[in-house]
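The values are calculated or read from the model by the stated rules, or taken from the named source; none is laboratory data. Only a predicted model underlies this, so the values are computations on that prediction, with no experimental measurement involved. A quick note on method: Cβ atoms are made from the backbone with ideal geometry, for glycine too, and the neighbour counts reach across all protein chains shown. Heavy atoms of the whole protein, side chains included, go into the accessibility calculation; ligands, DNA and RNA do not. Shrake-Rupley method; radii C 1.70, N 1.55, O 1.52, S 1.80 Å.
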Amino acid sequence: MTRSLFKGNFWSADILSTIGYDSIIQHLNNGRKNCKEFEDFLKERAAIEERYGRDLLSLSRKKPCGQSEINTLKRALEVFKQQVDSVAQCHIQLAQSLREEARKMEEFREKQKLQRKKTELVMDAVHKQKSLQFKKTMEAKKNYEQKCRDKDEAEQAVNRSANLVNQKQQEKLFVKLATSKTAVEDSDKAYLLHVSTLDKVREEWQSEHIKACEVFEAQECERINFFRNALWLHVNQLSQQCVTSDEMYEKVRKSLEMCSIQKDIEYFVNQRKTGQIPPAPIMYENFYSPQRNAAPPGKATGPNLARRGPLPIPKSSPDDPDYALVNDYSLLYQ
């Protein structure tokens, strides 16, 4: 890239004007401010990502979500909670990455600030030197012009006194004319010297201005490139976050594909079944029927099941294994 736009377009016909230089400096200041704004944006975005990640992490670990599910759907829910936890961790890591990018932007701004400071100090010095020398030159010019006017007045006075008889007055006029001519010569030399010095100062300022333009243009190119790349990287990080999250959620989708409605139903039946025989129908019973009390309503009729017999009477022998004494109480083990 040819860096010649700045040094060819920021001049002024007024030797004292710094409008071109000031315009460049203002633009660079705006660029530095823009970098600071993006740096602050990254920090704020990092805070949002970290806050969201930690809230999501807390939700994943503390909030129940189908905790009583069973079998394949339970496994799918476990994968879901694991992946939500992973997504939360990714957002926290993204926050750290964004803070790192903000730090790099801050370092870049400070580096350019120090580089600019050197050039600005040189330019401030040559601007002051140019302004001071111009002032001295204009004062020398003013003095030279005044001496010329004094000489002209002295010559006119001598010419007017040519017919005067007073010799003494004529001598004074001639002395004044001679003095004024000497003053003109001296002021002319001083004026020429200041003009020559001013031209050297102007050439030095012009050379430094060109160098400054080249430095500042190179800095601006570097800043735009750095800013553009930083923004590009930022959106890539956000895109990667979306891709990573989708990959994690894809694991949940795959686990849900493995979820079998039939298997979960069968699992529940096998684990919690209570019986395969429904209750018998409730039959009509005539109050006067001799079989009315044969079976209570809702109970299945059938042969009487053997009932446990009466408890055995404990023997008085303490050596009997079914008999034990605890103070005055007897315990029977059955």
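In nm, what is the difference between 0.36 nm times the number of residues separating VAL175 and LEU238 and their Cα-Cα distance?
13.5 nm
Go through LEU173, LEU94, GLN276 and say which Cα lies farthest out towards the positive end of the charge dipole of the chain; charges sit on Cβ, +1 for Lys and Arg, -1 for Asp and Glu.
The one lying farthest along the dipole's positive direction is LEU173.
Rounded to two decimal places and with Rh computed the Kirkwood way over Cα pairs, what is Rg over Rh for the chain? Spell out each step's value before the answer.
Working: Rg = 53.4 Å, Rh = 32.7 Å.
My calculation of the ratio gives 1.63.
If packing is taken as the average count of other Cβ atoms within 10 Å, what order do 183-193, 80-90, 115-125 fall into, highest mean first?
Most protected by this proxy first, the peptides run 80-90, 183-193, 115-125.
Treating only the Cβ atoms of Lys and Arg (+1) and Asp and Glu (-1) as charged, compute the dipole magnitude of the chain about its Cα centre; round to the nearest 20 debye.
Dipole of the chain, to the nearest 20 debye: 400 debye.
Not counting ligands, DNA or RNA, and with a 1.4 Å probe, what is TYR52's accessible surface area in Å² rounded to the nearest 10?
110
Hey, which lysines would be in cross-link range of LYS151, C-alpha to C-alpha under 29 Å, not counting anything within fewer than 8 residues on its own chain?
LYS135, LYS136, LYS141, LYS142, LYS168, LYS172, LYS176, LYS181, LYS189
For LYS136, LYS251, give me the order by solvent-accessible area with a 1.4 Å probe, most accessible first, ignoring ligands, DNA and RNA.
Highest to lowest solvent-accessible surface, that is LYS251, LYS136.
Would you mind getting the accessible area per residue of the chain, heavy atoms of the protein chains only, 1.4 Å probe, in Å²?
Working: 24450 Å² over 334 residues.
Dividing the accessible area of the chain by its residue count gives 73 Å².
Can you give the relative contact order of the chain as a percent, counting alpha carbon pairs under 8 Å and 6+ residues apart?
Relative contact order comes out at 23 percent.
Quick one: with all protein chains in place, what share of the accessible area of segment 19-267 is carbon or sulfur, to the nearest percent (1.4 Å probe)?
On segment 19-267, the fraction of accessible area on carbon and sulfur atoms equals 54 percent.
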